[in-house]
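Visitor: Dumping the structure here so I can ask a few things about it.
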Amino acid sequence: MHIVNNIHAFIWQSMTANNCNAYLIDGPTRVLIDPGHRSLFNHVESGLRGLGLGIEDIDLIICTHAHPDHIEAVQLFKDRPAQFTLHEVEWQWATTVGKQMSAALGIDMDSFLPDFFLRQGELTLDGLEIEVYHTPGHSPGSVSLYWPTQKALFTGDLVFKDGLGRTDLPGGDGSKLKESIKMLAELEVDYLLPGHMEIVSGAKQVKANFQQIEKFWFGYI
Amino acid sequence: MGEIKSTLDLVMEKTKHLNLNSEEKQKQLNIEIGKHINGFLQKFQDGTLTRAQLIEECARLLKGHNLSSNAIVVGEILNRLDLSTDNREWMDLLKDLFDVSTGPLEKLLDAYQEAMNSVASYRRVKLRENLAREHHISGSAVVPNLAADAEWLAESGDVRSQFELKLDEVKSGILAAKGD
């Protein structure tokens, strides 16, 4: 699905299997955000094929966090040119406490090796400027990515359309989730691109979504 | 049909003519005492023995074997020193309770940290440069991952090997001074 200019979304729609939404920034550096489950990656691959691309055309994979439904397919990029990154805190967590959680789902974290890590700040990709926000709450090292030029915000599992990320999984933290959401709500966003479910388009709709979440959900976490 | 022998039978048969002289017996005994001490040290590290209890247990053990020197305890503590971990607890024990001059050890461990930090800083700069040059990735959000850098792994391994040799030398010096 084409969102705007260089942003394409591969929205996961099946109700019978859990997987995340993946996004492509088709810039000078091609970025794939959250490739999802390995066994369900054909969903992304066919989307890429539709754009005339293959996985060898991806330059950088950014995982918003290290849960298996976002990260597992990174294994398919082993020995490919793509660089792989996620937040340094998330990696530290995923290879210690979170390792057990991944192992229970049949995923060996030792088979991943980030080429570099992220922390909050500016990420420049061949001239394209992305702002990286450390947004813990769903997991300790979750990140959200903001592309100011397009006013596009990739939130991973922090915030969804009419909802927010779970805080009951290992490393989850309700207070931090609220703080992270409040921080992102300050940004000027035309496209809210979450890790699951539908996209929210339009500045007013995005603002209303943040307000609704704060009003309805914050009392519960 | 051949006789089926138990493991004990086999061991007894093999060691039938084995005799230990007094020196070998003492060496064997020291190994056993060392294992006991190691157990006390582990309990101390795990917080299930206080410092006072550790000293008491070690003293009782040494006295029980008529050993007046605490060189075995010092040796076991020295075995626990590692270049990459926090050794302060062990160093304090050596200094406060066994009258070991830890200056050379501290100097060596500090030098190791300094050497590793220096290599790490250099590699981080190089990795940033490589990311920018080869992949056009840069910015304040980028943190190089040393664990993914073959050159860091090789260089840090070399530094560690060099310092492990030096650490062994310092340990030997301390034990020699203790009369072991």
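The values are calculated or read from the model by the stated rules, or taken from the named source; none is laboratory data. Not measured: the values here are computed from a predicted model. No Cβ is skipped: glycine too gets one built from the backbone with ideal geometry, and neighbour counts run over all protein chains shown. Heads up: the accessible areas ignore ligands, DNA and RNA and are worked out on the full protein's heavy atoms, side chains in. Shrake-Rupley method; radii C 1.70, N 1.55, O 1.52, S 1.80 Å.
Visitor: Express in % the proportion of alpha carbon pairs of segment B:72-180 at distances exceeding 18 Å.
Guide: Summing the P(r) of segment B:72-180 above 18 Å gives 57 percent of all pairs.
Visitor: Set the Förster radius R0 to 56 Å, insert the Cβ-Cβ distance between B:Leu10 and B:Ala176 as r into 1/(1 + (r/R0)^6), and round the FRET efficiency to 0.05.
Guide: 0.85
Visitor: How far apart, in nm, are two points set 7 Å out from the Cα along the Cα-to-Cβ line at B:Lys43 and at B:Lys107?
Guide: 3.7 nm
Visitor: So, how do all the Cα-to-Cα distances of the protein assembly as shown break down into 20 Å bins, in percent, from 0 on up?
Guide: Taking every Cα pair in the protein assembly as shown, the percentages come to 22, 37, 26, 14, 1.
Visitor: Note the buried accessible area between B and A here, summed over both chains, with a 1.4 Å probe, in Å² to the nearest 100.
Guide: Interface area, both chains combined: 1300 Å², rounded to the nearest 100.
Visitor: Just the accessible area for A:Tyr133, please: 1.4 Å probe, Å², rounded to the nearest 10?
Guide: Spelled out: A:Tyr133, probe radius 1.4 Å, area about 40 Å².
Visitor: Can you work out the PRE-style zone for A:Asp79? Point 7 Å along Cα to Cβ, and I want the residues of segment A:17-50 with backbone N under 19 Å.
Guide: Under cut-off, by backbone N: A:38-39.
Visitor: In whole percent, what relative contact order does segment A:1-49 give with Cα contacts below 8 Å and a gap of six or more residues?
Guide: Relative contact order of segment A:1-49: 28 percent.
Visitor: Using a probe radius of 1.4 Å on heavy atoms only, what accessible surface per residue do you get for chain A? Whole Å² is fine.
Guide: I get 42 Å² per residue for chain A.
Visitor: Now, a different point. Sorted by average packing, counted as other Cβ atoms within 10 angstrom per residue and highest first, what order do A:141-149, B:19-27 take?
Guide: A:141-149, B:19-27
Visitor: Here is a further query. For a protection proxy built on the mean count of beta-carbon atoms within 10 angstrom, sort A:69-76, B:65-72 highest first, please.
Guide: The peptides rank, most packed first, as A:69-76, B:65-72.
Visitor: Now for a separate question. Label points 7 Å out from Cα along the Cβ direction at A:Lys182 and A:Tyr220: separation in nm?
Guide: In this crude spin-label approximation the distance works out to 2.0 nm.
Visitor: So if I take the alpha carbon set of segment A:64-113, get Rg, then get Rh from the Kirkwood formula, what is the Rg over Rh ratio?
Guide: Over the Cα atoms of segment A:64-113, Rg/Rh equals 0.93.
Visitor: With runs of 4+ DSSP H residues as the only contributors, calculate the mean residue ellipticity of chain B at 222 nm using -39,500 (n - 2.57) per run, divided by the residue total and rounded to the nearest 500.
Guide: My calculation for chain B gives -24500 deg cm²/dmol from helical runs alone.
Visitor: If one computes the Cα centroid of segment B:153-179 and of segment B:6-80, what distance in Å separates the two points?
Guide: Measuring centre to centre over Cα atoms gives 24 Å.
Visitor: Rounded to the nearest 5, what % of DSSP beta bridges with both residues in segment A:1-108 are antiparallel?
Guide: Given both bridge residues lie in segment A:1-108, the antiparallel proportion sits at roughly 60 percent.
Visitor: Chymotrypsin sites (Phe, Trp or Tyr not before Pro), restricted to segment B:102-161: which are DSSP loop and have at most 13 other Cβ atoms within 10 Å?
Guide: Nothing satisfies the criteria.
Visitor: Let me ask something else about it. Can you give the average number of partner chain beta-carbon atoms within 10 Å of each beta-carbon in peptide A:120-126, as a whole number?
Guide: Per residue, the average neighbour count from other chains is 5.
Visitor: Percent antiparallel among DSSP beta bridges with both residues in the protein assembly as shown, to the nearest 5?
Guide: Antiparallel bridges make up about 70 percent of those DSSP assigns within the protein assembly as shown.
Visitor: So, counting K/R as plus one and D/E as minus one, what does the shell of residues with Cβ under 12 Å around B:Gln162 add up to?
Guide: So the surrounding residues net to -3.
Visitor: Show which aspartates and glutamates lie in cross-link reach of B:Lys25 when reach means a straight Cα distance below 17 angstrom and same-chain residues fewer than eight apart are skipped.
Guide: The reachable aspartates and glutamates, counting only those whose Cα sits under 17 Å from B:Lys25, are B:Asp180.
Visitor: For chain A, what does the relative contact order come out to in percent, with C-alpha contacts under 8 Å and a separation of six or more?
Guide: 15 percent
Visitor: Oh, and also: Just counting partner chain Cβ atoms within 10 Å, what average do the residues of peptide B:145-158 show around their Cβ?
Guide: 2
Visitor: Please report how far the C-alpha centroid of segment A:52-130 lies from that of segment A:175-221, rounded to the nearest whole angstrom.
Guide: First find each Cα centre; the distance between them is then 24 Å.
Visitor: Can you pull the percent of the protein assembly as shown's accessible area that's carbon plus sulfur, 1.4 Å probe, other chains left in place?
Guide: 50 percent
Visitor: Moving to a separate point now. On a 18 Å Cα-Cα criterion, which of the cross-link pairs B:Lys107/B:Lys166; B:Lys107/B:Lys178; A:Lys151/A:Lys178; A:Lys151/A:Lys204; B:Lys35/B:Lys63 come out too long?
Guide: Correct reply: B:Lys107/B:Lys178; A:Lys151/A:Lys178.
Visitor: Would you work out the relative contact order for chain B, in percent, from Cα pairs under 8 angstrom that are 6 or more residues apart?
Guide: 19 percent
Visitor: So, one more: Calculated from DSSP H runs of 4 or more alone, at -39500 (n - 2.57) each and per residue, what is the 222 nm mean residue ellipticity of chain A, nearest 500?
Guide: Calculated at 222 nm, the ellipticity per residue is -7000 deg cm²/dmol.
Visitor: Ok, one more. Considering only protein heavy atoms, with the full assembly of protein chains and a 1.4 angstrom probe, order B:Lys43, A:Lys204, A:Lys178 by accessible area, largest first.
Guide: A:Lys204, B:Lys43, A:Lys178
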